[in-house]
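The values are calculated or read from the model by the stated rules, or taken from the named source; none is laboratory data. Just so you know, these numbers come straight off a predicted model, no measurement behind them. Glycine gets a Cβ as well: all are built from the backbone with ideal geometry, and neighbour counts include every protein chain shown. To get the accessible areas, we keep the full protein, side chains included, count just its heavy atoms, and leave off ligands, DNA and RNA. Shrake-Rupley method; radii C 1.70, N 1.55, O 1.52, S 1.80 Å.
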Amino acid sequence: MLIDETHKKWRDFSLVFLLVATAFYCWYPMRPPQGRNGGSAVGIAFGIIGSAFMVFAGLLGARKKFPVWRLGPAQTWMRGHLWLGLLSLPLILFHGAFRFGGTLTTVLMVLLVIVIVSGVFGAVLQHYMPRMMTREVPLETIFEQIDSVRAQLLEEADKSVAAVCGPLGVMAVGSRKLPAGGYSERGGATPAAAAAATPALALTEEDSAPLRSFYLRQMRPHLEKPGAGDHPLADPGKASGIFEELRKRVPPMVQETVEDLEDICEEERQLRRQARLHHWLHGWLLLHIPVSLALLVLGAVHAYKALRF
Amino acid sequence: MSPNALVELTIDGKRVSVPAGTTVFDAARMNGISIPTLCHQQNETPVGVCRVCVVDVGRPIYAASCVRPVEPGLVVTTNSDKVIQARRTLLELLMSDHPTPCLRQQHSRDCELEALAKQAGITQPRFARRTVAHGNDDSSLAIAVNFDACILCDRCIRGCNEVRGNFVLGRMGKGAQAGIAFDHNLQMGDSSCVSCGECMVSCPTGALTNKKTLPIDVGPDHSAKIAEPDELLQLPVFKGVSGTFLELNKGAIVRRQFRRGEIICKEGEYGSTAFYILEGKSQVSIRSPIAHVKTQDTARGFLSKMVSTLARRKEHPREEEANRRHIPIDAPADLAYENPVAEMGPGDLFGEMTCMSFYPRSATVRALTDCTMYEMNRNVLDILQRNKTFKERLDSTYRERALSNHLRGVPIFAEITDDFLDHLRKTVELVRYAPGQVICKQDDPARSFYLVRIGFVKVSETYPGGELVLAYLSRGNYFGEIGLLGGGMRTATCTALDHVEVVRINGEDFKQMIERFPQIRRGLEAAAQERLQQNRDRLAIVRSVPLDHFLAQGLMEAQSLLILDLEKCTRCDACVRACADAHNGVTRLVREGLRFDKYLVATSCRQCRDPLCMVGCPVGSIRRRNSLEVIIEDWCIGCGLCAKNCPYGNINLHPFEVMEDDPIQPRRKMAVVKQKATSCDLCSDTKYKEPSCVYACPHDAAHRVDPTTFFADKLGQAPGLTLKR
């Protein structure tokens, strides 16, 4: 989401509305005898309008549940959510005359501030991060498929190395490895890498040893457990150095395989980056949505209590 | 000398008498003396080209015994060291050009050249091998041709011309380039070869070998048995077919008995055989519901929900839809749209497209009475189709039963009268083309009008820098009218994409037809104008789009792209959920695809200008509207070939539960799942202007655009982006 010139109308409307509301807020204490408070007519009006804006902002979630309902384009709802939701904060502050009141209203104010701050934070993230993701993750895939792409990368790497080094003695992706290269045995499945390991190039054991050792001791564990962020291959600079060193140790005919492996590591790093960016891009909603719901429910309780008593 | 007079001569020291005119080769053979040979066969005129049969006749030059007539007192030596050495040298020369082991040697170990070479003790020829390969010709379904294995003995040529009288084979080229040729140097499959197999059985090497196919699986069914060649040759339709060939391809044709009500083949299934009805009647029908997938609102107002349903044409007529009355299928009869059922009887052949081009079965065939059928593989079908007797019978059946429906099935020709149709029955030709064969070429004179009967035809136009595909035509489509109506020259090249059969109406008949039926002329002229305009537009786009990357991603081919602005898209998948919601949970959009600039071209129908999805549809149900929008017609049988053919993965199969007659309990209905192909329809069946995916995007990232307009500034053309909503 880009907050750009397409938001101009909403931005201008919000500014004008805020100015008018501020003017009212400045004007109205001259009228009621008790000064500015939420119980006055203007205060209630601020409260109702502010609450209405909050409810509208909250309805975006419901709107998304029914994407094909023709209730207005979703982007209009999103813009309303952003600007009206933001306006609700000054309106509620005007409603309470910048006083937090009792426990419930204090809680409500805290929740509102959390919602607004988390919302602004989310909007800022969604403004910048899609560009970052587009730039930094050219090999982006669907988030839910990252695990399966990782499994494919591991399988591809196994096959590439087995094609020059012969059977690796490791098990298929999704099953388990044989006890080789320091790995433990966990299950009995067909060794895919071994099966697919008819060497295209006949390297001697001595020639293939550096590649085999690097792959089994460094790269494969990294591909298998990509979460370990301190792995040297997770760092582009260090990885480049490692592969440069490896190139010097393997025969010329294997250089292409080394390049393939380097590409696989780069793709793996991109997937990690994508997962991280994705969590940032959507993680804030874990706070924003429940707090918003709590705010709406408690706001309704507050309105009920205030009107009844 | 009288022809009956005897001539006395000496062969290898033995005095013999033979009739005057006998060749030395025959004289030796008659007297038990064997002379090796390659080019000579008893049933063919001797030509003496291989020279392997050389003998010493006391002259300075050795004579080829197969062509040298005997003379009184002639002294012949067939096995002196010098003669054997000369023969050995000849064999070495032949072997130096011969791929060892050749196909024949590999398959049956009876290559005559390799046998003679082995006999002479030749393991490695002294001479350098030929550096330029002559190559293979794999175009015939029955015979494999390897020109490298050919020793130019001419046995195949004499077999074709003298023994069979077909006159297809001949010699071409000179010196090292010399070789055998079919017709005027055509591919064997494109030539007038009738696949009699005589050349193949005459060939001494692996130059011409039988393409044996896997035998048809007879299975445990006792009502099926492999047809014996003798049994087949007694049938009139097999008259003229080579018995040798049938013997070599034993197992490729099976005689099957079907009981009344039994299903012979089912629509949508893949197969590789065709059926010839010998006895009994069968019914051909489409069992899938004749309906298309329609997305509609369940209620009025903004809270309406969208569901996908199967809608029949009467319930939901589509705009601009051609008024088709027949459904084209892979059988001698087209099915009426209103009631897609027809009968077939003795002499009918069905499943040709499945057999020749491996398309899914286009319809379900059920035995109406007890039936006897021959099920055959494609090599046997090819032989039969090249056989004059069989082809005449098929052509005659087509003229009598299907031409009328076929021609009148094209709306423009609906008004054609019976008497003119009778005239056409006598004059039209059914012409077959092999895959890749050019039917008519751009800028050549236009002499005929064509109606596609079987297969797919690619229409393309050349332009500086490449070839532009204008259309793919399937059964029921026509071409060639623009050239005949216009300046008399072809404006495009039409090429057979697979095994194609067309109905050719000659120019004179076409002229008569448009003079006699002005409405047909008007219809054809309007259609021609429309086609020409579309072609001009497409060519203009191709010429104006210079970006290789844009072209490489196939974006130029698209008429409408769903693009996601990746700088706005938060990857929330609201678009995918909206699409799934709009189509009963079956999304027609995947948020993945190629990137162009900062845009992701999502996996969703692009309405391609070159719609590869249409190639191969066994019932021709996927087509383009006049607006170029790709739609799937009601008679889609859900075989999924279009989904496989779409290079962008943009066609899905949508399952629907429908009620069908229970085959076990005839009075009851049972629920079965039938599939219909679907692609993005831009939610055009709804009253809304915007597709659901675009409407549901909260970040203004999803857009449906015309790529050439939208990317205009990226392509260095008009500035500014124009969004098509």
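Please enumerate the residues belonging to the stretch A:36-92 that are part of a helix (DSSP H, G or I), small (Gly, Ala, Ser) and more than 21 Å from A:Leu293 (Cβ to Cβ).
A:Ala41, A:Gly43, A:Ala45
Does the stretch B:427-444 include one or more residues that are in a helix (DSSP H, G or I) and either of a type in the set (A, V, I, L, M, F, W, C) or more than 19 Å from B:Leu485 (Cβ to Cβ) (or both)?
There is at least one residue in the stretch B:427-444 that is in a helix (DSSP H, G or I) and either of a type in the set (A, V, I, L, M, F, W, C) or more than 19 Å from B:Leu485 (Cβ to Cβ) (or both).
Report, ordered by the first and then the second residue, all pairs with beta carbons closer than 8 Å, sequence separation of six or more or different chains, a first member in the stretch A:7-36 that is open to solvent by 50 Å² or more (accessible area, probe 1.4 Å), and a second member that is among the aromatic types (Phe, Trp, Tyr) and at pLDDT below 80.
Close Cβ pairs (under 8 Å, with a partner that is among the aromatic types (Phe, Trp, Tyr) and at pLDDT below 80) amount to A:Arg36/A:Tyr28.
Considering the stretch B:331-363 alone, what residues qualify as being aromatic (Phe, Trp, Tyr) and closer than 14 Å to B:Gly616 by Cα?
Passing the criteria: B:Phe358, B:Tyr359.
Of all residues in the stretch A:97-149, count the ones that are in a helix (DSSP H, G or I), more than 27 Å from A:Glu5 (Cβ to Cβ) and charged (D, E, K, R).
Adding up the residues that qualify gives 2.
Please work out if A:Ala57 is of a type outside the set (Ser, Thr, Tyr) and on the phi > 0 side of the Ramachandran plot.
Considered against the rule, which asks whether it is of a type outside the set (Ser, Thr, Tyr) and on the phi > 0 side of the Ramachandran plot, A:Ala57 comes out as no.
Looking at (1) assigned to a loop (DSSP other than H, G, I, E, B); (2) aliphatic (A, V, I, L, M); (3) crowded, with 23+ Cβ neighbours inside 10 Å, which one does B:Leu682 not meet, given that it meets all the others?
The one condition B:Leu682 does not meet is (3).
Return the residues of the stretch B:289-307 that are modelled with pLDDT under 70 and farther than 16 Å from B:Asn584 by Cα; say none if nothing qualifies.
Within the stretch B:289-307, B:Arg300, B:Gly301, B:Phe302, B:Leu303 meet the criteria.
Give the residues of the stretch B:97-118 that are open to solvent by less than 10 Å² (accessible area, probe 1.4 Å) and out of contact with any Cys (no Cβ under 7 Å at 6 or more places or on another chain), sorted by residue number.
B:His98, B:Leu113, B:Ala117
For the list (1) within 14 Å of chain B (Cβ to nearest Cβ); (2) open to solvent by 20 Å² or more (accessible area, probe 1.4 Å), I need the number of the one condition that A:Arg63 fails.
(2)
Taking helices (runs of 4 or more DSSP H) that do not extend beyond the stretch A:191-289, which have at least 3 residues that are more than 14 Å from chain B (Cβ to nearest Cβ), open to solvent by less than 10 Å² (accessible area, probe 1.4 Å) and at pLDDT below 90?
By residue number, no helices (runs of 4 or more DSSP H) qualify.
Identify, from the list B:Ala363, B:Ala402, the residue that is touching a strand residue (DSSP E or B) at 6+ places or on another chain (Cβ under 6 Å) and outside the structural domain of B:Asn645 (by TED's automatic domain parsing).
Just one listed residue meets the conditions, B:Ala363.
Cβ contacts < 8 Å: first residue at positive phi and more than 7 Å from chain A (Cβ to nearest Cβ), restricted to the stretch B:563-586; second residue at pLDDT below 90 and open to solvent by 10 Å² or more (accessible area, probe 1.4 Å), any location; separation 6+ or different chain. Result?
B:Asp573/B:Arg591; B:Asn584/B:Val307
What are the residues in the stretch B:150-169 that are on the phi > 0 side of the Ramachandran plot and not hydrophobic (A, V, I, L, M, F, W, C), if any?
B:Asp154, B:Gly165
Only one residue in B:Leu594, B:Leu600, B:Leu547, B:Leu532 is modelled with pLDDT under 85, within 12 Å of chain A (Cβ to nearest Cβ) and within 38 Å of the chain's Cα centre (by Cα), so which one is that?
Answer to the check: B:Leu594.
Kindly indicate whether B:Gly48 is outside the structural domain of B:Glu162 (by TED's automatic domain parsing) and free of Cβ contacts under 8 Å to residues at least 12 places away in the same chain.
Answer is no for this residue.
Does any residue in the stretch B:16-45 that is at positive phi come within less than 8 Å, Cβ to Cβ, of a residue that is at pLDDT below 90 six or more places away or on a different chain, and which pairs are these?
Filtered contacts from the stretch B:16-45: B:Gly21/B:Pro3.
Can you tell me how many residues in the stretch B:603-614 are surrounded by fewer than 21 Cβ atoms within 10 Å (Cβ to Cβ) and either hydrophobic (A, V, I, L, M, F, W, C) or at the interface with another protein chain (Cβ under 10 Å from one of its Cβ atoms) (or both)?
Looking only at that region, the number is 1.
Being outside any loop (DSSP other than H, G, I, E, B) and touching a residue at least 12 places away in the same chain (Cβ under 8 Å) is the filter here, so list the residues in the stretch B:629-653 that pass it.
Those that are outside any loop (DSSP other than H, G, I, E, B) and touching a residue at least 12 places away in the same chain (Cβ under 8 Å): B:Val630, B:Ile631, B:Ile632, B:Leu641, B:Cys642, B:Ala643, B:Asn645, B:Asn652, B:Leu653.
With the requirement that a residue be surrounded by 15 or more Cβ atoms within 10 Å (Cβ to Cβ), in contact with a strand residue (DSSP E or B) (Cβ under 7 Å, 6 or more places away or on another chain) and in a loop (DSSP other than H, G, I, E, B), what does the stretch B:119-141 give you?
B:His134 - this is the single residue of the stretch B:119-141 that is surrounded by 15 or more Cβ atoms within 10 Å (Cβ to Cβ), in contact with a strand residue (DSSP E or B) (Cβ under 7 Å, 6 or more places away or on another chain) and in a loop (DSSP other than H, G, I, E, B).
Please find, among A:Gly102, A:Gly72, the residue that is within 14 Å of chain B (Cβ to nearest Cβ) and surrounded by fewer than 16 Cβ atoms within 10 Å (Cβ to Cβ).
After ruling out the rest, the residue left standing is A:Gly72.
Select, from B:Ala718, B:Ala712, B:Ala643, B:Ala677, the only residue that is more than 14 Å from chain A (Cβ to nearest Cβ), farther than 24 Å from B:Cys569 by Cβ, modelled with pLDDT under 75 and out of contact with any Asp or Glu (no Cβ under 9 Å at 6 or more places or on another chain).
Being more than 14 Å from chain A (Cβ to nearest Cβ), farther than 24 Å from B:Cys569 by Cβ, modelled with pLDDT under 75 and out of contact with any Asp or Glu (no Cβ under 9 Å at 6 or more places or on another chain) holds for just one of B:Ala718, B:Ala712, B:Ala643, B:Ala677, which is B:Ala718.
Looking only at the stretch B:142-183, which residues are touching an Asp or Glu at 6+ places or on another chain (Cβ under 6 Å), open to solvent by less than 30 Å² (accessible area, probe 1.4 Å) and not hydrophobic (A, V, I, L, M, F, W, C)?
Passing the criteria: B:Arg158, B:Gly159.
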